[in-house]
Amino acid sequence: GYGAAFAIGVLEDLLVGTPLGSSALALLLCQWVVFNQQKFFNNRPFLEVWLAFAVVAVATGFVRWLCAGLIGTGGFPPFGDTAGSI
């Protein structure tokens with residue numbers, strides 16, 4: 001559920017050292033997208049599902065990078081560092 005996703009995100013932030021809540025926000029957004037589009041992707045070909053996953057993964061990396069830059073004290077980190085932690 002959403003509570004578990006939030007707890008895992010906060011735990012990840014504490015372990016990795018990213019701004020508190022950035023991973024939780026990214027996980028909650030991903031879960032919301034997946035749950036809302038579940039019927040749409042139910043009978044889709046494998047390639048379409050993986051392309052949708054790639055879009056969600058890149059969007060998640062962007063959200064985490066944006067949160068780290070806006071909330072963190074060090075400014076915006078290089079995007080490659082954030083995208084590598086997905």
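The values are calculated or read from the model by the stated rules, or taken from the named source; none is laboratory data. Predicted model only: the values in this text are computed from it and were never measured. As a convention, Cβ positions derive from the backbone with ideal geometry for all residues, glycine included, and neighbour counts pool all protein chains shown. Keep in mind that these areas ignore ligands, DNA and RNA; they rest on the heavy atoms of the full protein, side chains included. Shrake-Rupley method; radii C 1.70, N 1.55, O 1.52, S 1.80 Å.
Across the stretch 71-81, what is the number of residues that are open to solvent by 60 Å² or more (accessible area, probe 1.4 Å), part of a helix (DSSP H, G or I) and at pLDDT below 70?
Summing the residues that are open to solvent by 60 Å² or more (accessible area, probe 1.4 Å), part of a helix (DSSP H, G or I) and at pLDDT below 70 in the stretch 71-81 gives 2.
What single numbered condition from (1) within 13 Å of the chain's Cα centre (by Cα); (2) at pLDDT below 85 fails to hold for LEU27?
The single condition LEU27 does not satisfy is (2).
Just for the stretch 1-33: of the residues that are within 17 Å of PHE62 (Cα to Cα) and outside any helix (DSSP H, G or I), which one is most open to solvent (accessible area, probe 1.4 Å)?
Among those that are within 17 Å of PHE62 (Cα to Cα) and outside any helix (DSSP H, G or I), it is LEU20.
Among the residues of the stretch 30-71 satisfying the criterion of being β-branched (Val, Ile, Thr) and under 18 Å from ILE8 (Cβ atoms), which is nearest to the chain's Cα centre (by Cα)?
THR60
Can you tell me which residue within the stretch 34-50, out of those that are at pLDDT 85 or above and in a helix (DSSP H, G or I), is least open to solvent (accessible area, probe 1.4 Å)?
It comes out as VAL49.
In the stretch 51-70, which residues are open to solvent by less than 40 Å² (accessible area, probe 1.4 Å) and touching a Phe, Trp or Tyr at 6+ places or on another chain (Cβ under 8 Å)?
If the condition is that a residue be open to solvent by less than 40 Å² (accessible area, probe 1.4 Å) and touching a Phe, Trp or Tyr at 6+ places or on another chain (Cβ under 8 Å), then ALA52, GLY61, ALA68, GLY69 are the ones that fit.
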